[in-house]
Amino acid sequence: MKSYKSEQSGRSMVEMLAVLAIVGILSVAGIAGYSKAMSKFKEQKLADQVSTLTANIRTAYSSQSSYAGISEENIISYGLAPTDMVVGETLNNAMGGSVAITTADVGGVADLGFSLQFQGLNKSSCMYLATSDWGSGQAGLSSMNASSTAAAGDSVASSALPMSLETANEACGDCGANNNTCSVQWIYF
């Protein structure tokens, strides 16, 4: 009987290493793509939350003379907040930050409007929300503020809606890409 010697052993190890290298490269590219897609998904989810919450509040209070007494607790108890935002007795946005809802003075008249503020945003989300058109051609939205910290004194306000990229970058610039310290506030009447 003749014995055949196989010379495949050296090449199969090299081929296996090449396959592993290709799989590794594709995995890294896939993870980066997934991360970017999730970031865009969260930004769109933020926009949906702002729109839904604002529409629900304005509809519920349309027959009221003011927004007196509006609060996160009342919005939750009235069923006006999307269920994905409700965490116990608080409201959280898609980035995991808090949501603040208060009354706002309009033209010197107390409680004639309301303020909606999304906190805990990264720079990308802050820029996205600040530069989106929230109905600037319609009555209701009077101004927007964006800030790289939660302190109102550090905010950049804009009555020219939507905010320009330059203004939004100035307002959102110091919170960093992954340092979720930005906030955006909308004031409606």
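Which loop GluC sites (Glu not before Pro) in region 62-152, with loop taken from DSSP, have no more than 16 other Cβ atoms within 10 angstrom of their Cβ?
89
State the extension gain, in nm to one decimal, for the chain segment bounded by residue 47 and residue 31, taking 0.36 nm per residue of separation less the distance between their alpha-carbons.
Stretched fully, the residue 47-residue 31 segment lengthens by 3.3 nm.
If the elastic network links every pair of Cα atoms under 10 Å, which of 57, 76, 31 fluctuates the most in the Gaussian network model of the chain?
So, out of 57, 76, 31, the one fluctuating most is 31.
Hey, can you rank 21-30, 58-67, 163-172, 120-129 by average C-beta count inside 10 Å, highest first?
Ranking, from highest mean packing down: 120-129, 163-172, 58-67, 21-30.
Please give, to one decimal in nm, the separation of the simple spin-label points placed at residue 102 and residue 62, each 7 Å out from Cα toward the Cβ.
Computed distance between label sites residue 102 and residue 62 equals 2.8 nm.
For residue 23 and residue 77 in one chain, what is 0.36 nm times their gap in residues minus the Cα-Cα distance, to one decimal in nm?
14.4 nm
Around residue 89, under 9 Å between beta carbons, what's the net of Lys plus Arg minus Asp minus Glu among the other residues?
-2
Among 38, 117, 88, flag the residue with its Cα farthest along the positive direction of the charge dipole of region 10-188, charges on Cβ as +1 for Lys/Arg and -1 for Asp/Glu.
38
Using a simple charge model, +1 on the beta-carbon of Lys and Arg, -1 on the beta-carbon of Asp and Glu, nothing else, what dipole does region 10-188 show about its Cα centre, in debye to the nearest 20?
It works out to roughly 600 debye.
Values quoted throughout were computed directly from the atomic coordinates according to the rules given, and no laboratory measurement underlies them. Predicted model only: the values in this text are computed from it and were never measured. In this analysis, Cβ positions are derived from the backbone assuming ideal geometry, glycine residues included, and neighbour counts consider all displayed protein chains.
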